[in-house]
Amino acid sequence: AADHSFSNTEGTRQYQVQNKNAFLTMQNGIVSGTTDTTFEPDRAITRQEMATLLSRYAEFAKIELTEGDTVTFTDSDEISDYAKAAVEAMASAGLIQGMGDGTFAPRQTATRAEVATLLARFMQEYSL
């Protein structure tokens with residue numbers, strides 16, 4: 001197994017617990033560090049990261065996402081390569097939406113309301 005010790009999660013009990021939880025999710029392919037040596041536990045999550053985490057969780061839990069219409073965002077070229085398939089799958093499944101102006105805003109911080117909405121849709125759609 002890979003060593004998932006992050007240089008910026010040391011020193012406090014909170015970070016030790018976060019490092020342990022990060023390692024557990026990393027073992028299952030749900031989360032990765034922001035680099036090979038950093039996790040950035042205090043950094044806000046972006047919209048593309050939010051979509052990627054839930055997509056990876058669905059895959060881990062063997063939940064097959066519903067395939068609906070293909071959704072194209074006007075800023076799809078700004079979505080990072082690692083997140084493109086996840087954003088497309090989440091949008092096709094009707095779980096994530098754009099910003100109302102045709103954009104997805106992949107690098108924008110996800111608000112608490114956006115995360116809660118995504119989780120609620122996911123739980124409702126897949127009876128969790």
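Expected output is a single nm value to one decimal: the length gained when fully extending between ASP101 and ALA113, i.e. 0.36 nm times separation in residues minus the C-alpha distance. What is it?
On the way: separation 12, 0.36 × 12 = 4.32 nm, distance 1.83 nm.
The ASP101-ALA113 span can extend by a further 2.5 nm.
Taking the Kirkwood radius as the inverse of the mean 1/r across Cα pairs, report the Rg/Rh of region 36-99.
Across region 36-99, the Cα-based Rg/Rh ratio is 0.99.
Less than 11 Å Cβ to Cβ from ALA58, Lys/Arg counted +1 and Asp/Glu -1: what total charge do the surrounding residues give?
For residues surrounding ALA58, the net value is -1.
Laboratory data are not the source of any read-out in this text; all were calculated from the coordinates shown. Being a predicted model, the structure only gives us computed values, none of them experimental. Heads up, the Cβs are rebuilt from the backbone with ideal geometry, glycines too, and the neighbour counts pull from every protein chain shown.
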